[in-house]
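Peer 1: Sharing a structure, written as structure tokens. Questions coming.
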Amino acid sequence: QERMPQTPPFAAMFDSSGYSRNLYQSKEDNCGGLSYHDNNLLSGSLEALIQHLVPNIDYYPDRTYIFTFLLSSRLFMHPYELMAKVCHLCIEQQRLSEPGLDKNRIRKIAPKILQLLTEWTETFPYDFRDERMMRNLKELAQRIASGDEMYWKNVQHLLQNLIRKLATVSQYEEVLAKINATSTDRLTVLKTKPQSIQRDIITVCNDPYALAQQLTHIELERLNYIGPEEFVQAFVQKDPLDNDKSCYGDRKKTRNLEAYVEWFNRLSYLVATEICMPVKKKHRARVIEYFIDVARECFNIGNFNSLMAIISGMNMSPVSRLKKTWAKVKTAKFDILEHQMDPSSNFYNYRTALRGATQRSLTAHSNRGKIVIPFFSLLIKDIYFLNEGCANRLPNGHVNFEKFWELAKQVSEFMTWKQVECPCERDGPNILYLLLIAALYLASYESESPENHIEKDRWKTLR
């Protein structure tokens with residue numbers, strides 16, 4: 001039995017000096033539409049890059065190449081179109097359609113094709129929500145598994161894992177829909193009967209460290225559902241070499257990425273609401289100090305997204321306008337946190353802290369030390385500017401693969417972070433409370449009266 005080609009985990013895909021771009025070249029690659037410099041693949045025609053993805057008896061593509069090409073190819077073609085081409089090349093090259101297929105030949109190529117399909121289904125499972133993708137996958141898998149029980153079991157295992165992943169993400173999306181519906185109901189109740197649900201966050205969870213852990217639980221759970229392709233699909237536009245084919249709308253599947261951004265906004269509003277709800281100034285000040293402690297714990301854990309959401313909530317105008325309340329708050333710890341997340345110099349302080357957390361995670365022996373949850377909006381912004389700053393194609397029509405190495409490097413780092421399991425236990429009631437949101441300005445103006453005509457008009461509208 002020939003062993004399946006071995007591939008490293010995501011953390012090992014890119015080395016410390018940058019990332020591994022030394023691909024295992026065959027002679028055909030050097031003269032087949034691919035351009036190299038110092039053994040690094042810089043560009044190539046789309047067809048040559050597809051050819052480079054397909055294994056044969058003597059060749060299996062480097063894992064960094066597989067990830068980078070599967071991630072970036074969707075800027076040029078549907079994933080199902082790529083899958084159709086890959087299937088065709090596998091069948092044609094390996095003569096898998098011949099009636100008297102040589103068993104020895106199938107033993108040499110089958111593990112490699114199966115490994116490529118495994119990498120695709122495990123790293124980009126959402127591509128296979130498309131029936132055309134699933135149909136092509138099953139057809140190719142059955143061709144290489146026919147007549148050999150070992151390969152048939154491997155194929156069944158691959159398909160079962162994929163179906164399980166797709167079922168899990170469907171359940172997750174149903175839960176998100178329910179949470180959004182519940183949030184709307186809570187908002188309606190709060191506007192009509194504010195006192196009926198005056199159970200504040202400190203009553204629900206009086207330990208800032210415990211709340212920071214629960215926030216981290218939510219963050220990691222939601223991060224885990226974001227497919228790497230969503231970062232690229234957010235920027236899909238018409239390919240100039242695609243003739244008159246318009247950009248396909250169904251490619252922009254970024255629902256889990258959008259849900260995660262929405263979670264950040266929801267948490268910011270929750271923080272602001274909790275601060276504004278108490279009637280007495282000293283109670284509001286206590287809630288502010290409580291959230292400062294939660295934010296500090298988030299920073300210590302490596303949860304920069306919740307940290308930034310909390311700071312954003314405390315800087316919202318319904319909170320920042322409560323001057324009498326802030327006069328009662330000890331703000332020294334908050335000033336330090338704001339300094340860490342200061343946007344000046346392109347978030348220099350935050351990026352330094354993120355690098356520190358990333359280094360810590362590489363040597364950590366426990367999941368607690370491996371946690372790195374980036375400030376997500378800034379991560380998206382960085383990827384956006386990387387995409388906008390470089391052309392997808394070079395003047396000769398080649399795909400600019402140097403750009404996509406850099407894109408893959410950023411996304412693969414995210415892939416490493418999102419795979420960490422949360423070490424703390426999930427507290428159902430606390431998490432449910434955190435996922436619900438309340439009406440902000442109404443609570444703010446009922447705590448301290450409106451001071452100018454704009455605020456008075458807004459207060460009347462809310463009431």
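The values are calculated or read from the model by the stated rules, or taken from the named source; none is laboratory data. Computed from a predicted model, the values in this text were never measured in an experiment. Don't worry about glycine lacking a Cβ; one is built from the backbone with ideal geometry, like all the others, and counts go over all protein chains shown. Surface areas here come from the heavy atoms of the whole protein model, side chains and all, with no ligands, DNA or RNA. Shrake-Rupley method; radii C 1.70, N 1.55, O 1.52, S 1.80 Å.
Peer 1: Can you give the accessible area of LEU42, probe radius 1.4 Å, in Å² rounded to 10?
Peer 2: Accessible surface of LEU42 is approximately 40 Å².
Peer 1: Is the range 31-163 rounded, prolate or oblate when judged by the Cα gyration tensor, a ≥ b ≥ c being the square roots of its eigenvalues, rounded requiring a/c under 1.5 and prolate requiring a/b larger than b/c? Present the calculation step by step, with values, prior to reporting the outcome.
Peer 2: Working: a/c = 1.87, a/b = 1.31, b/c = 1.43.
Oblate.
Peer 1: Which peptide among 168-175, 113-120 comes first, and what is the full order, when sorted by highest mean count of other Cβ atoms within 10 Å? Walk me through the intermediate numbers first.
Peer 2: Details: 168-175: 12.8, 113-120: 21.5.
Per-residue mean Cβ counts within 10 Å order the peptides as 113-120, 168-175.
Peer 1: Over what distance in Å are the Cα centres of the range 211-234 and the range 325-390 separated?
Peer 2: 16 Å
Peer 1: Can you give me the Cα centroid spacing of the range 129-175 and the range 35-94 in angstrom?
Peer 2: Here the answer is 21 Å between Cα centres.
Peer 1: Sort 352-365, 315-328 by packing, meaning the average of other beta carbons within 10 Å per residue, with the highest value first.
Peer 2: So the order, starting with the most tightly packed, is 315-328, 352-365.
Peer 1: Further question: Calculate, for the range 31-163, the solvent-accessible area per residue in square angstrom, rolling a 1.4 angstrom probe over the heavy atoms of the protein chains. Display every interim value, and only then the final one.
Peer 2: Working: 5370 Å² over 133 residues.
With all protein chains present, the range 31-163 gives 40 Å² per residue.
Peer 1: Going by average Cβ density within 10 Å per residue, which order do the peptides 277-286, 261-270 take, highest to lowest? Don't skip to the end; give the middle numbers.
Peer 2: Working: 277-286: 17.2, 261-270: 19.5.
Those peptides, ordered most packed to least, come out 261-270, 277-286.
Peer 1: Give, rounded to the nearest 20 debye, the magnitude of the charge dipole that the range 31-163 has about its Cα centre when Lys and Arg contribute +1 at Cβ and Asp and Glu contribute -1 at Cβ. The partial results should precede the final answer.
Peer 2: Working: 15 positive and 16 negative charges, 59 e Å.
The dipole magnitude comes to about 280 debye.
Peer 1: Let me ask something additional. Could you look at the range 31-163 and say what percent of its accessible area is carbon and sulfur, using a 1.4 Å probe and all protein chains? Please list the in-between numbers first.
Peer 2: Numbers: 2520 of 5370 Å².
Roughly 47 percent, rounded to a whole number.
Peer 1: Of LYS112/LYS153; LYS333/LYS418; LYS253/LYS381; LYS138/LYS418; LYS153/LYS370, which sit over 24 Å apart, Cα to Cα?
Peer 2: Details: LYS112/LYS153 15 Å; LYS333/LYS418 29 Å; LYS253/LYS381 18 Å; LYS138/LYS418 29 Å; LYS153/LYS370 35 Å.
From LYS112/LYS153; LYS333/LYS418; LYS253/LYS381; LYS138/LYS418; LYS153/LYS370, over 24 Å: LYS333/LYS418; LYS138/LYS418; LYS153/LYS370.
Peer 1: If you don't mind, there's one more thing I want to ask. Using 0.36 nm times the number of residues separating ARG360 and VAL279, minus their current alpha carbon distance, what extension gain do you get? Numbers along the way, then the final one.
Peer 2: Numbers: separation 81, 0.36 × 81 = 29.16 nm, distance 4.30 nm.
Additional length available on full extension: 24.9 nm.
Peer 1: Roughly how many Å² of HIS339 are accessible to a 1.4 Å probe, to the nearest 10?
Peer 2: 110 Å²
Peer 1: While we're looking at this one, here's another question. Suppose all protein chains stay in the model; what accessible area per residue would a 1.4 Å probe give for the range 360-408, in Å²?
Peer 2: I get 47 Å² per residue for the range 360-408.
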